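For reference, the structure is listed below as structure tokens.
The values are calculated or read from the model by the stated rules, or taken from the named source; none is laboratory data. Computed from a predicted structure; not experimentally measured. Backbone-built Cβ (ideal geometry, glycine too); neighbour counts: all protein chains shown. With ligands, DNA and RNA removed, areas are computed over all heavy atoms of the protein, side chains included. Shrake-Rupley method; radii C 1.70, N 1.55, O 1.52, S 1.80 Å.
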Amino acid sequence: MSAVEIRPVTRADEADWRRLWTGYLTYYESAVSEEVYQTSFARLLGDDPQDYHGRLAIRDGVPVGLVHYIFHRHMWKVENVTYLQDLYVDPSVRGTGAGRALIRAVYDHGDRTGCPSVYWTTQDFNATARRLYDDIGELTPFIKYQRPAVKPV
């Protein structure tokens, strides 16, 4: 198996990106509408620095993983911070370094753009990913809360 290459998502990657992101959503027992697929992909291709960024992991010419992240302001810092929202590697290549390479690519992009602080969340049951995260990141004591679903009027 060859080394993994990390590169930005391009317009030509839409089918592979959809396949990988669908795998990610399926893992978390989620789904999104076609409108969300289209809007999210367009944002990955946009040139607004506040839009999402996307990278693909390529092995032997085939996209095998993805990462989505965004730079945003932080009230406790002058510089922006980086939120790594989605990370997914095809199960057939897990453990080969693709996930680590994707996270490192986010770290590198943050460093180059003055946003070296990178954070992400995962579900507590995601033991496989947490082994990588424990090695490449630092577990924080924060617990996530969110607004309950808003009921239609």
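Just name the residue that is most open to solvent (accessible area, probe 1.4 Å) out of those in segment 55-75 that are part of a loop (DSSP other than H, G, I, E, B) and in contact (Cβ under 8 Å) with a residue 12 or more places away in the chain.
To start, the set of residues in segment 55-75 that are part of a loop (DSSP other than H, G, I, E, B) comprises 60-61, 73-75.
Now narrow it down to the ones that are in contact (Cβ under 8 Å) with a residue 12 or more places away in the chain: 60, 74.
On the way: Asp60: 104, His74: 64 Å².
Ranking the candidates gives Asp60 first.
Out of the residues in segment 1-38 that are assigned to a helix (DSSP H, G or I) and of a type in the set (Val, Ile, Thr), state the one that is most open to solvent (accessible area, probe 1.4 Å).
Just the residues of segment 1-38 that are assigned to a helix (DSSP H, G or I), to begin with: 11-27, 34-38.
Subset that is of a type in the set (Val, Ile, Thr): 22, 26, 36.
Values: Thr22: 54, Thr26: 91, Val36: 56 Å².
The residue in question is Thr26.
Would you confirm, using the coordinates I've provided, whether Asp124 is charged (D, E, K, R), open to solvent by 40 Å² or more (accessible area, probe 1.4 Å) and farther than 25 Å from Ala3 by Cα?
Numbers: charged (D, E, K, R): yes; open to solvent by 40 Å² or more (accessible area, probe 1.4 Å): yes; farther than 25 Å from Ala3 by Cα: yes.
Yes: the conditions hold for Asp124.
If you check Tyr107 against the conditions, is it open to solvent by less than 80 Å² (accessible area, probe 1.4 Å), of a type in the set (Phe, Trp, Tyr) and either outside any helix (DSSP H, G or I) or in contact (Cβ under 8 Å) with a residue 60 or more places away in the chain (or both)?
Taking the combined requirement at face value, the residue does not satisfy it.
Which one is farthest from Tyr107 (Cα to Cα), of the residues in segment 39-49 that are aliphatic (A, V, I, L, M) and open to solvent by 40 Å² or more (accessible area, probe 1.4 Å)?
Result: Ala42.
With respect to Tyr52, determine if the residue is surrounded by 12 or more Cβ atoms within 10 Å (Cβ to Cβ) and over 20 Å from Tyr133 (Cα atoms). If you could, list the steps in order and put the result at the bottom.
On the way: surrounded by 12 or more Cβ atoms within 10 Å (Cβ to Cβ): yes; over 20 Å from Tyr133 (Cα atoms): yes.
So Tyr52 passes the test.
Every residue in segment 128-153 that is surrounded by 15 or more Cβ atoms within 10 Å (Cβ to Cβ) and either farther than 22 Å from Glu79 by Cα or in contact (Cβ under 8 Å) with a residue 60 or more places away in the chain (or both), please.
So in segment 128-153, the residues surrounded by 15 or more Cβ atoms within 10 Å (Cβ to Cβ) come out as 129-130, 132-133, 137.
Once the filter is applied, which keeps residues that are surrounded by 15 or more Cβ atoms within 10 Å (Cβ to Cβ) and either farther than 22 Å from Glu79 by Cα or in contact (Cβ under 8 Å) with a residue 60 or more places away in the chain (or both), segment 128-153 yields Ala129, Arg130, Leu132, Tyr133.
Among all residue pairs at least 6 apart or on different chains, which show Cβ distances below 7 Å where the first residue, located in segment 116-127, is free of Cβ contacts under 8 Å to residues at least 24 places away in the same chain and the second is assigned to a loop (DSSP other than H, G, I, E, B) and open to solvent by 80 Å² or more (accessible area, probe 1.4 Å)?
Short answer, once both residue conditions are applied: Thr121/Lys144.
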